[in-house]
Amino acid sequence: MNKEEIYATWAPETSCWSRWVKPVLFSYLDLAAPVTPAHQPPGASASLPASIPATMPERVPALPITIPFTDTTQEQRPGPPVPETVLETSWAPAIESRCALVLDLPCAEGVILGLELAAQDYRPVPLYNAVPLPSGELELDSMTGRPVAAVHVLPILHALKKGATILGLIDLPLDAPPAFLLDAHRRGDGRKMLPDEFDNRSVCFTTDFPSANFLSAQRIGCVVLVQRSWGQPQLDLAHVLRRWQQAGIAIQLKRLDAPGPPVPCEIGRPSWFGAMFQRALSMVGLHRGEAGGFGAWVTASSAGG
Amino acid sequence: MSLVETARPPSGPVKRTLCELRSEGSDGATASGLHAGLALDPTAFAALRRRAVLEGCKWDPQVGDVDILAPFPLVMRRSVWHVLAAQAEQLAAEAIAAEAEVSCRPELLHQLELPRALRIALGGETPLTPPAGRVFRFDFHFTTEGWRISEANSDVPGGFSEASYFTALMAEQFPGLRPAGDPGGSWADALARTAGPGGVVALLSAPGLVEDHQVIAFLAARLRERDCLAYLAKPQQIAWRDGLAHLEGSGYRGRVAAVVRFYQAEWLVRLKGSCDWRRFIRGGQTPVANPGLAAISESKRFPLLWEQLSTPLPAWRALLPETRDPRHAPWEHEDGWLLKTAMCNTGETVTIRELLGTRDWRRTRRAARWFPGGWVAQRRFQSVPVLTPVGPRHVCIGVYTVNGEAAGIYARLAVKPLIDCAAPDAALLLEDDE
């Protein structure tokens, strides 16, 4: 599949959710080198492909089960092992309940779980906004061995590329509810950035998602936030969820480290919630973090006019 | 390869004839020399949109529920473009002259509501860091009184991908119509000339904002087409040694030939640590674009200085609506005024009373009362909407100048007479006068 075909698979014209698919990573798909079984590293069985066939419905044809989701053809960090809990989807509401999902999971886990959920007729909607390292650059500093980029997006890139093959085989209903995919590490891991690191951290904004009105028009009355463990949503995402909650959409939380179904969740008022308050603060210079776009203040707008 | 030259005859996806829509246009369409073209059919437009997002670095094609790329073009008579281009060139020349004068009269800078450290840097005596070029975008609107500008984007104008790549893609679909220019290509040409063959250019933006990344990624691609080495970075990764800029990045460590600062001047002062941000303005020898002095005309309070300047500003005076300090304008009682903050960069603080709820209006009013020095009151103009395939739309025509010469147009549409970050982008194409 070429870049356009991969993008079209994740953002098909027939889906009303495709408009929200973030194109950044797809535009860099040329970076995702072809992966052949010969490149599969030892111990790659923890990644998605080997596990997918077991959970796919019978109507899905044979899947490319040996393609790893991390590319080790270059000197790159392998993706972290995927916990078994990520592959467990029995908690997911039946699509008849018209719940949307927001998967805020690290690295490529959102793609992996998104594909599992696609088998249950959820439409995965990638919202990854980080820019990968420029072409040809190594992921690890050759001298120190430390990661060069703040956010490790190549595993996501590869997962999107390989996942397109799988997703293309699934015949999703036109009204499939969305599963929005986010990288929980998008703002960095909270570690201090070094001066020469490639800073590809990102945040999500309320405008990256459909409005509550649009969700309601699609008969979506509930949103389930899926996280590995944390009880509270990340600050940028809290703005999104809070707006939906204010509009009457029920918010639930599913922690993958805890068994059981999603539980109701009350999203508290995030810092600096509300655009007009932000306007007033911007006037006195409180409008963004020194790094220019994240930290406590995440909803400011672009530099460019 | 020039994007403008790639236009080729259409494959015929246009739904209705151009004449049909033009005949339905409002009266303003005739007077403004501007009308909407016809929408492409959904399949053709979806393919075009895919190319724009995958190849043209248009990474924010959706803002909330709004599809940001309009499936129809705006069409302007070539003679109108020539007028706007000449006006934009004059505005640019006047702004640069005024900035030079203000930088020599630092006592004026405090009226612009710039951070103190930036004012000190702008008004210093160290030689100015040379410019790598200068790009402006002047936002024109057709009003009941003719063409007017709402503001100048002097410091970090964006929109190059939309104005160049997307517009060229749309032009491929409409025979006989051509883009007004290729501002991204013109800007890259200017930067490449400064950097020289094989020159290294560092393009700086704020981390975390994809809409900024897409601008410098697009420019970087254009620079690479011109045999430059282009690297994306953040301002903290520039180290100044003996006045020369060095990039301390993961992909390149060493001296650079030019710096593109897609990072607002007033944000620079918050950079901490080893970043000597003042060199972006004064004391550097490596060319920087845009130059730091751009912050002067970027401030929406720039018009408040005009009476104190010896620089004549006839184009600005003719085209920009009357602008006052909020303390000296009846904005609280008269609907003919709007408010905006001094460093309103993307239109997010432009406040028109009738477009706000009571609660929001009270908040803005309180803010403008408490901190009037951070705001301006500007007399409103009455924008004349253009009839489009999706209904009447107010149109903002952003005219670029690159090193003093008009370079193209970035057009946006809005239902309300207010252009903000959620205003859809439209390709503007030129037609020959009849």
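Derivation of every value follows stated rules applied to the coordinates shown; laboratory data play no part. Owing to the predicted nature of the structure, the values given are computational and were not obtained by experimental measurement. So basically every Cβ, Gly included, is an ideal-geometry build from the backbone, and we count neighbours across all protein chains shown.
Any idea what Rg and Dmax come out to for chain B if you just take the C-alpha atoms, in Å?
For chain B, the Cα radius of gyration and maximum Cα-Cα distance read 21.4, 64 Å.
Compute the label zone of residue A:143 within the stretch B:246-288: residues whose backbone N is under 14 Å from the point 7 Å along Cα-to-Cβ.
Residues B:248-254 fall inside that zone.
Dividing the alpha-carbon radius of gyration of the stretch B:322-379 by 2.2 N^0.38 Å (N being the number of residues), what value is obtained?
Taking N as the residue count of the stretch B:322-379, the ratio is 0.98.
Give, rounded to the nearest 20 debye, the magnitude of the charge dipole that the stretch B:131-283 has about its Cα centre when Lys and Arg contribute +1 at Cβ and Asp and Glu contribute -1 at Cβ.
With only Lys, Arg, Asp and Glu charged at Cβ, the dipole is about 660 debye.
Compute the Cα gyration tensor for the stretch B:286-434, then decide on rounded, prolate or oblate, letting a ≥ b ≥ c be the square roots of its eigenvalues: rounded whenever a/c is under 1.5, prolate when a/b is larger than b/c in the other cases, and oblate in all that remain.
It is oblate, given that a/c is not under 1.5 and a/b is not larger than b/c.
Pull up all non-local amide H partners of residue B:178: gap of 5 or more, or a different chain, and H-to-H distance under 5 Å with H placed in the peptide plane.
Distant-sequence amide H within range of residue B:178: B:430.
What FRET efficiency comes out for residue B:253 versus residue A:1 if R0 is 56 angstrom and r is the Cβ-Cβ distance? Round to the nearest 0.05.
Plugging the Cβ-Cβ distance into 1/(1 + (r/R0)^6) gives 0.95.
How much FRET efficiency would the formula 1/(1 + (r/R0)^6) give for residue A:174 and residue B:317, where r is the Cβ-Cβ distance and R0 is 56 Å, rounded to 0.05?
Given R0 = 56 Å and the Cβ-Cβ separation, E is 0.50.
For a test of the definition: using alpha carbon positions, the gyration tensor, and the 1.5 limit on a/c, classify the stretch B:368-424 as rounded, prolate or oblate.
Verdict is oblate for the stretch B:368-424.
Ranked by Cβ crowding within 10 angstrom, fewest neighbours first, how are B:165, B:252, B:400 ordered?
B:252, B:165, B:400
Order of B:352, A:156, B:96 from fewest to most other C-beta atoms within 10 Å?
B:352, B:96, A:156
Among the listed pairs A:161/B:58; B:272/B:340; B:234/B:416; A:162/B:234; A:161/A:192; A:3/B:58, give every one whose C-alpha distance is greater than 27 Å.
As for pairs spanning more than 27 Å Cα to Cα, those are B:272/B:340; B:234/B:416; A:162/B:234; A:161/A:192.
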